[in-house]
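The values are calculated or read from the model by the stated rules, or taken from the named source; none is laboratory data. Nothing here was measured: the structure is a model prediction, and the numbers come from that model. Quick reminder, even Gly has a Cβ in these numbers, built from the backbone with ideal geometry, and neighbours come from all protein chains shown. Heads up: the accessible areas ignore ligands, DNA and RNA and are worked out on the full protein's heavy atoms, side chains in. Shrake-Rupley method; radii C 1.70, N 1.55, O 1.52, S 1.80 Å.
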Amino acid sequence: MSAKIIDGNQLSKQVRTEVAKRAAALNVQGRQPGLAVILVGDSQASQVYVRNKIKACEENGIHSVFEKYDVSMTEAELLARVHALNHDSKIHGILVQLPLPAHIDSHKVIEAIAAEKDVDGFHISNAGLLMTGQPLFRPCTPYGVMKMLDSIDYPVRGAHAVVVGASNIVGKPQAMLLLQAGATVTICNSKTRDLGHHTRDADILVVATGKRNIVTGDMIKPGAVVIDVGMNRDDAGKLCGDVDYAGACDVASWVTPVPGGVGPMTITMLLVNTLEAAERN
């Protein structure tokens, strides 16, 4: 079997076209959507992520504010800045780029963001709403994965979905969204015994561990849809995912590439969440 590719770049362009139209409609009303992005420290990877987010905003009619602070910024100073943005009527979404320096409690910072501006979907109230099936904001990466499944018209309802990885950012919310869509969901983590036993039973396999080649071709059910959320580098320094891509292509019916798969959709769904926040406001 030669898997078809779910092109995240192409799908992202389609979704962003709709975002730009809706943002333009708000702009006419004098209500331009606004996103504030805060970066603390000098992480090169974080700077790349932030730059891509700001560029996406600029290209799609969303006002963006980028605030970069030295690694010496205190927790109290960051909390004060978040508090000020909570009361800024021109800002509809607030994103504090993670990870933060070790001396700053990321949980405290996330909880300081007003729930109605938590476009990452990480605030405890938004996590609770997601659990009850009434999310205010869906976390961007899991939201993007669901859009990708929609794009291939895959019948999620009744399918067995296996999520490898149980983080608060991807794994857990991904499982909740799949469950809400009617799938039977299994969540695997670092303590799971015989990972392959579970992955080989998956109609939909979402892998988000940050470990290269944790899933190989012989661990995939023939005809499965494989969504690779991982972002790693191989021995040659090239970007790759958590799944053995070549092996997956030989077995699966659909596969997401890395790069060019889930990544572009994550940023796109951030734009969608910011737009929705502005529309609610």
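For region 173-191, enumerate the residues that are in a helix (DSSP H, G or I), touching a residue at least 24 places away in the same chain (Cβ under 8 Å) and open to solvent by 30 Å² or more (accessible area, probe 1.4 Å).
Residues of region 173-191 that are in a helix (DSSP H, G or I), as a first pass: 173-180.
Then keep just the ones that are touching a residue at least 24 places away in the same chain (Cβ under 8 Å); that gives 173-174, 176-178, 180.
If the condition is that a residue be in a helix (DSSP H, G or I), touching a residue at least 24 places away in the same chain (Cβ under 8 Å) and open to solvent by 30 Å² or more (accessible area, probe 1.4 Å), then 176, 180 are the ones that fit.
Yes/no matrix, rows are residues, columns are (1) at positive phi; (2) of a type in the set (A, V, I, L, M, F, W, C):
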| residue | (1), (2) |
| --- | --- |
| 21 | no, no |
| 30 | yes, no |
| 42 | no, no |
| 56 | no, yes |
| 61 | yes, no |
| 64 | no, no |
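Among the numbered conditions (1) touching a Cys at 6+ places or on another chain (Cβ under 8 Å); (2) open to solvent by 10 Å² or more (accessible area, probe 1.4 Å), the only one that residue 247 does not meet is (1). Going by the conditions given, is residue 224 out of contact with any helix residue (DSSP H, G or I) (no Cβ under 7 Å at 6 or more places or on another chain), surrounded by fewer than 23 Cβ atoms within 10 Å (Cβ to Cβ) and not hydroxyl-bearing (Ser, Thr, Tyr)? Spelling it out, it is not the case that residue 224 is out of contact with any helix residue (DSSP H, G or I) (no Cβ under 7 Å at 6 or more places or on another chain), surrounded by fewer than 23 Cβ atoms within 10 Å (Cβ to Cβ) and not hydroxyl-bearing (Ser, Thr, Tyr).
Within region 242-268, work out how many residues are outside any helix (DSSP H, G or I) and closer than 16 Å to residue 169 by Cβ. Before you say what the answer is, go through the steps one by one.
We begin by selecting, within region 242-268, every residue outside any helix (DSSP H, G or I); these are 242-244, 250-261.
Checking the rest, the ones that are also closer than 16 Å to residue 169 by Cβ come to 242.
Within region 242-268, residues that are outside any helix (DSSP H, G or I) and closer than 16 Å to residue 169 by Cβ number 1.
Kindly evaluate residue 209 against the criterion of being part of a loop (DSSP other than H, G, I, E, B), modelled with pLDDT of 95 or more and hydroxyl-bearing (Ser, Thr, Tyr). Yes, satisfied.
Check region 233-246 and report whether any residue there is touching a residue at least 60 places away in the same chain (Cβ under 8 Å) and touching a Ser or Thr at 6+ places or on another chain (Cβ under 9 Å). Let's see the steps before the verdict.
Here is the first cut: in region 233-246, the residues touching a residue at least 60 places away in the same chain (Cβ under 8 Å) are 242.
From what is left, the residues that are touching a Ser or Thr at 6+ places or on another chain (Cβ under 9 Å) are 242.
Checked against the condition, which is being touching a residue at least 60 places away in the same chain (Cβ under 8 Å) and touching a Ser or Thr at 6+ places or on another chain (Cβ under 9 Å), region 233-246 yields at least one hit.
Only residues that are open to solvent by 50 Å² or more (accessible area, probe 1.4 Å), among the charged types (D, E, K, R) and part of a loop (DSSP other than H, G, I, E, B) were counted across region 118-162, and they come to 3. Look at (1) part of a loop (DSSP other than H, G, I, E, B); (2) touching a helix residue (DSSP H, G or I) at 6+ places or on another chain (Cβ under 9 Å) and you find that residue 56 fails only one, number (1). Considering (1) touching a strand residue (DSSP E or B) at 6+ places or on another chain (Cβ under 8 Å); (2) free of Cβ contacts under 8 Å to residues at least 40 places away in the same chain; (3) within 25 Å of residue 151 (Cβ to Cβ); (4) open to solvent by 30 Å² or more (accessible area, probe 1.4 Å), the lone condition that residue 213 does not fulfil carries the number (3). Since residue 103 meets every condition but one in (1) surrounded by fewer than 15 Cβ atoms within 10 Å (Cβ to Cβ); (2) in contact with an Asp or Glu (Cβ under 9 Å, 6 or more places away or on another chain); (3) not in a loop (DSSP other than H, G, I, E, B), which condition does it not meet? Condition (3) is where residue 103 drops out. Residue count for region 73-88 under the criterion of being open to solvent by 30 Å² or more (accessible area, probe 1.4 Å), assigned to a loop (DSSP other than H, G, I, E, B) and in contact with a strand residue (DSSP E or B) (Cβ under 9 Å, 6 or more places away or on another chain): the result is 1.
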